[in-house]
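Beneath this line is the structure, given in structure tokens, with notes to follow.
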Amino acid sequence: MSDRAARVRGRGDHPPVGYSIERLAGFLPHGFDTLVSEAERAGLHFLGRLKSDWAEGRNRFDRPGEVLFGAWTSQRLVGVGGLNTDPYTQEPRVGRVRHLYVLEARRRRGVGRSLVAAIAAEAQGSFDRLRVRTPSPDGAAFYESFGFERCSEKHCTHSLDLRSMELRAVRKAAHNHVRAVVDGRIDDAVASVVAEGKEEIRENLSRLPRPIEGRVEDVREDRGEFVVLLWFKTSPEDEYGVVVESHWAYVDDEPLLHWGYPL
């Protein structure tokens, strides 16, 4: 995956216990024909097209930024999903979710969601947006649960703005940090701080009056890091509160607080 991969994944988007998501390359693995046969019986022909396109070299998901993932359990292939440069638009840096399929017996276990999470993570750095076309209400609900929005463009029912996903992840981490500070859960508050700053933050939180209210005011990206404005109120008599400018960056795929100061 790219060095920004997995940042877009939420806690529930990792493969379920007993499953793994792996990149497919070189050849389609044993078990792929089982997926093709089941899909064909349901009147779905896109996996058959994937197989022929792969065999004839038309699409092996090997151009820059592209990938085909497989979902496995007990060494058995139970699902696939791919990422291509979107061939249906001239807009630059647009990827397309392709050929997502999970065996019927393995559905509603988080396998499909884990495949989409892996695709979205891989797309970071190569694409700014993902598009997909799904004709079914169930498919629409599935993609919308992941954060895709309805799209009225040709050859597209849903799209996902990848640029906003990291901002949402940082906002969520900052919100959790604020709640831990207000609740007095110092260990949880320190958990979101970069390693070299943990002891200083712990000391400050132990020494300073505990806020009675707090919230995230604003999040913006600035030259590779994220500036987050945090607001705290320390007492009922504190009419205006205090705003803290905090700076966050990703470490090992997690947004962490690096430093901050009151404005």
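The values are calculated or read from the model by the stated rules, or taken from the named source; none is laboratory data. Just so you know, these numbers come straight off a predicted model, no measurement behind them. For neighbour counting, all protein chains shown are included, and Cβ atoms are generated from backbone atoms with ideal geometry for every residue, glycine included.
Give me the residue from the range 2-57 that is at pLDDT below 95 and aromatic (Phe, Trp, Tyr) and, out of that set, farthest from the chain's Cα centre (by Cα). Among those that are at pLDDT below 95 and aromatic (Phe, Trp, Tyr), it is Phe27. Among the residues of the range 124-161, just one is farther than 16 Å from Gln90 by Cα, touching a residue at least 12 places away in the same chain (Cβ under 8 Å) and basic (Lys, Arg), namely Arg133. Selection over the range 48-66 of residues that are in contact with a helix residue (DSSP H, G or I) (Cβ under 9 Å, 6 or more places away or on another chain) and under 20 Å from Leu130 (Cβ atoms) gives a count of 6.
Here the range 146-170 is the region considered, the condition is being in a helix (DSSP H, G or I) and at pLDDT below 90, and the residue that is surrounded by the most Cβ atoms within 10 Å (Cβ to Cβ) is Ala169. Looking across the range 212-254, the residues that are charged (D, E, K, R), within 27 Å of the chain's Cα centre (by Cα) and not in a strand (DSSP E or B) come down to Arg223, Asp252, Asp253.
Residues in the range 117-173 that are acidic (Asp, Glu) and under 17 Å from His99 (Cα atoms): Glu122, Asp138.
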